[in-house]
Amino acid sequence: MKGKLKNISWVNKRFKQSSVWVLVFGILAGCSRKEESLGEGDTEGHLLIGTITAVDEAAGLLEVAHEDIPDLMPAMTMKFEVSAGDLKNAKVGQKIRARLVRDENGAFQLIKIWPLDEQVSNDLKRVNQRLQEQAKALPSGYYYGEGDESPDFALLDQFGEVVTNDQFSGKPLMLNFIFTRCTDANMCPLSTSKMAQLQKLAQASELDVNFVSITLDPQYDTPGVLRQYAEAYGIDGSNFKFVTGPKSAVRDLVKSHGVTSIDKVDTIMHSLATVLIDEDGAIAKRSDKSAWTPEEFLEILR
Ligand SMILES: [Cu+2]
């Protein structure tokens, strides 16, 4: 696989320069592929749509005024168990989409919590349509490599906020790919540890660098799950975002960066990529190996 992959520099530039192409392909995309929205495809338990009315931090409960749940309960306001990450991200008045399940004691629990916000989904859609066309334009087996302009993206971070590549322009950006359930110590856990180390080294050297880890498992890795993961690694979230989003957008981004990701029954088989994007948005350095060191990237950042 690796030998087949090559970078091509013309695709991204050509599309960026031509708004006509973006428009044409945007229309075609609307016809050819249904936009996958946040949390779409989840089947566990029941779908719950509602608005957060209160956050009970002490009890770890979220009060939600939810719509009718067919075959289960009518619309009402009630409290649900949620994860610590979801509790921290919860904002009163926010509309959410979640899956309602029962925990081992039979208590009602909300998992797979996603913000349900038209503004957010429009923001994601606009950028990710561009990403989709950039990804589609890549011949099979090709990806963006060193010297290429890095692909666009709009995803949600571990706080549930929209993150786009534009937000990082003017500063170098470190990018990698992980998923929180990865149990292979030499893969994601090691990558995250090294990224965390590099974040500390960069801070100590007073280098203004941003970090983004893209999940390979958007179905499971919601903002709340990513928040818990980042905090478990002691990561400062101010300049280190763990991002997730619509499955189609994540898939396009992963493909554009030449990362292989195959869903298996209880894990994801995947390759690695650690990418340094310069302040102008071009890929300055890329490592495919797990043997990269924080020091080698620190050296380039200097
Ligand atoms: Cu992994």
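The values are calculated or read from the model by the stated rules, or taken from the named source; none is laboratory data. Everything quoted here is computed from the prediction, not taken from an experiment. Here the Cβ is made from the backbone with ideal geometry for all residues, glycine too, and neighbour counts use every protein chain on show.
If you scan the stretch 187-198, which residues turn out to be part of a helix (DSSP H, G or I) and either within 19 Å of the chain's Cα centre (by Cα) or surrounded by fewer than 21 Cβ atoms within 10 Å (Cβ to Cβ) (or both)? I'd like the intermediate steps shown before the answer.
Of the residues in the stretch 187-198, the ones part of a helix (DSSP H, G or I) are 188-198.
Within the stretch 187-198, Cys188, Pro189, Leu190, Ser191, Thr192, Ser193, Lys194, Met195, Ala196, Gln197 meet the criteria.
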Problem set entry | Positions within the stretch 250-281 being surrounded by fewer than 16 Cβ atoms within 10 Å (Cβ to Cβ) and of a type in the set (A, V, I, L, M), in sequence order | Ile262, Val265, Met269
Problem set entry | Selected residue (only one of Asp184, Asp166 is within 16 Å of the ligand (Cβ to nearest atom), modelled with pLDDT under 95 and either part of a helix (DSSP H, G or I) or under 27 Å from Gly39 (Cα atoms) (or both)) | Asp184
Exercise. Taking the condition away from the ligand (no atom under 12 Å from the Cβ) and at pLDDT 95 or above, does Ala202 pass?
Worked result: yes
For this session: Kindly establish whether Leu124 is closer than 22 Å to Ser271 by Cβ, in contact (Cβ under 8 Å) with a residue 60 or more places away in the chain, in contact with a strand residue (DSSP E or B) (Cβ under 9 Å, 6 or more places away or on another chain) and not β-branched (Val, Ile, Thr).
Result: no
Seminar exercise, completed: Output for Cβ contacts, cut-off 6 Å, separation at least six or different chains, first residue not assigned by TED's automatic domain parsing to the domain that holds Gly145 in the stretch 172-196, second more than 8 Å from the ligand (Cβ to nearest atom) and β-branched (Val, Ile, Thr), reads none
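For the condition more than 16 Å from the ligand (Cβ to nearest atom), among the basic types (Lys, Arg) and closer than 28 Å to Pro294 by Cβ, what is the one hit in Lys136, Lys171?
On the way: Lys136 fails: closer than 28 Å to Pro294 by Cβ.
Lys171 is the lone residue from the list that is more than 16 Å from the ligand (Cβ to nearest atom), among the basic types (Lys, Arg) and closer than 28 Å to Pro294 by Cβ.
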Problem set entry | Selection status of Asp103, outside the structural domain of Val225 (by TED's automatic domain parsing), farther than 21 Å from Gln219 by Cβ and out of contact with any helix residue (DSSP H, G or I) (no Cβ under 9 Å at 6 or more places or on another chain) | no
Exercise. What helices (runs of 4 or more DSSP H) lie completely within the stretch 219-302 and have 1 or more residues being of a type in the set (Gly, Ala, Ser) and out of contact with any Cys (no Cβ under 7 Å at 6 or more places or on another chain)?
Worked result: 223-232, 247-256
Exercise. Taking the condition away from the ligand (no atom under 16 Å from the Cβ) and either assigned to a loop (DSSP other than H, G, I, E, B) or touching a Leu at 6+ places or on another chain (Cβ under 8 Å) (or both), does Val127 pass?
Worked result: no
